[in-house]
Amino acid sequence: MRVVLQRVSRAKCEVAGRVTGEVGLGFLALVGFTEGDDDNALAKMAKKIANLRVFPDDAGKMNLNISAKNGAILSIPQFTLYADTTAGNRPSFTKSLNPAAAEKLYHRFNAVLAGEGLRVETGVFGAHMDIELVNDGPVTIILEF
């Protein structure tokens, strides 16, 4: 499981002109799955995201987690996180989990995040999505389990 986590001041997902998810302060999480990902990986990732201290405290130090700032998460499914570009110029996606299994994990992952006490907005699995964000910092962290 791989997540590209961006601290944002705002983020929004649209599909065919309709907003499917929108947050203010918080995280944009680009979420990808590979073979072997399971409920244990989902739980570890959700706990890491919930407790990650990358929001500024009163002294301006990255010392607070998302809950301390009343932030939310915009979770976006992204199979391209497992692109393999070692051979040629056209990426291979054979390391990405098959869509049916990945979709189930994506929905379970969002539920596990919500179980950590976080408000979770989402994109639409398998859809062409337009994502708008303002990366705050910028702070971008790649997490993998």
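Values for this structure:
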{"item": "Single condition V120 does not satisfy, out of (1) under 17 Å from M1 (Cβ atoms); (2) assigned to a helix (DSSP H, G or I)", "result": "(2)"}
{"item": "T86, sole failed condition from (1) hydroxyl-bearing (S, T, Y); (2) surrounded by fewer than 20 Cβ atoms within 10 Å (Cβ to Cβ); (3) within 19 Å of H128 (Cα to Cα)", "result": "(3)"}
{"item": "Strands (runs of 3 or more DSSP E) completely within the range 1-106 that count 3 or more residues being under 16 Å from the mean Cα position of the chain (by Cα) and not hydrophobic (A, V, I, L, M, F, W, C)", "result": "2-15, 18-23"}
{"item": "Filter result (farther than 23 Å from T34 by Cβ, surrounded by fewer than 16 Cβ atoms within 10 Å (Cβ to Cβ) and of a type outside the set (D, E, K, R)) within the range 116-145", "result": "G117, V134, N135, G137, P138"}
{"item": "Residue identified as within 14 Å of E144 (Cα to Cα) and either among the aromatic types (F, W, Y) or out of contact with any Gly (no Cβ under 7 Å at 6 or more places or on another chain) (or both) among K61, K69, K47", "result": "K47"}
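Read the figures in this text as sums done on the coordinates, not as results from a lab. This is a predicted model, so every value here is computed, not measured. Quick reminder, even Gly has a Cβ in these numbers, built from the backbone with ideal geometry, and neighbours come from all protein chains shown.
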